[in-house]
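The values are calculated or read from the model by the stated rules, or taken from the named source; none is laboratory data. These numbers were taken from a predicted model, which means no experiment stands behind them. As a convention, Cβ positions derive from the backbone with ideal geometry for all residues, glycine included, and neighbour counts pool all protein chains shown.
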Amino acid sequence: IYEEFWVLFLNNSNTIIGKEKLSTGGMEGTVVDVRMLFKYALERLASSVVLIHNHPSGSMRASQADIKITKQIKEAGQLLNIKLIDHIIVSYNGYYSFADNAML
């Protein structure tokens, strides 16, 4: 299984108006282009986004790379008035929510 990074695009009512797989990586990580994420968000006139990626290792802990990309996306979104609602890490052991764990 490979790591994948997805984004959900939401409107003002928090209804999902689109989704996009931003990247597929190896078993230990994937690269996310923040500019492409917001290109897709602007094309859809999204008001907010939810980030989702998996950890093939089964770990539900946020890595330093996960924390860094989340911060970059949140800050870029603030400039564009596109809110980051959550970043969810999924594994076969469960999930980790940045919002639920006060990481946003």
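Right, Gln78: more than 18 Å from Val31 (Cα to Cα), part of a helix (DSSP H, G or I) and free of Cβ contacts under 8 Å to residues at least 60 places away in the same chain or not? Here the answer is yes, as Gln78 does meet what is asked. Scanning the stretch 10-32 for residues that are in contact with a Leu (Cβ under 9 Å, 6 or more places away or on another chain) and either hydroxyl-bearing (Ser, Thr, Tyr) or modelled with pLDDT of 95 or more (or both) yields a count of 8.
Scanning the stretch 1-34 for residues that are farther than 27 Å from Arg61 by Cβ, without any contact (Cβ under 8 Å) to a residue 24 or more places away in the chain and not β-branched (Val, Ile, Thr) yields one hit, Ser13. Annotation note: Cβ proximity below 6 Å between a residue of the stretch 43-69 that is under 15 Å from Gly25 (Cα atoms) and a residue that is of a type in the set (Phe, Trp, Tyr) and in a strand (DSSP E or B) (sequence gap 6+ or interchain) occurs for Ile52/Trp6; His53/Phe5. Restricting to the stretch 11-34, name every residue that is surrounded by fewer than 15 Cβ atoms within 10 Å (Cβ to Cβ), in a loop (DSSP other than H, G, I, E, B) and in contact with a strand residue (DSSP E or B) (Cβ under 9 Å, 6 or more places away or on another chain). Within the stretch 11-34, Asn11, Asn12, Asn14, Val31, Asp33 qualify. Candidates in the stretch 56-74 are the residues that are of a type outside the set (Val, Ile, Thr) and touching a helix residue (DSSP H, G or I) at 6+ places or on another chain (Cβ under 9 Å); of these, the one that is nearest to Glu4 (Cα to Cα) is Ala62. Can you name every residue in the stretch 35-61 that is assigned to a loop (DSSP other than H, G, I, E, B), aliphatic (A, V, I, L, M) and surrounded by 17 or more Cβ atoms within 10 Å (Cβ to Cβ)? Result: Ala46, single match. Here His87 qualifies as surrounded by 16 or more Cβ atoms within 10 Å (Cβ to Cβ), part of a strand (DSSP E or B) and free of Cβ contacts under 8 Å to residues at least 40 places away in the same chain.
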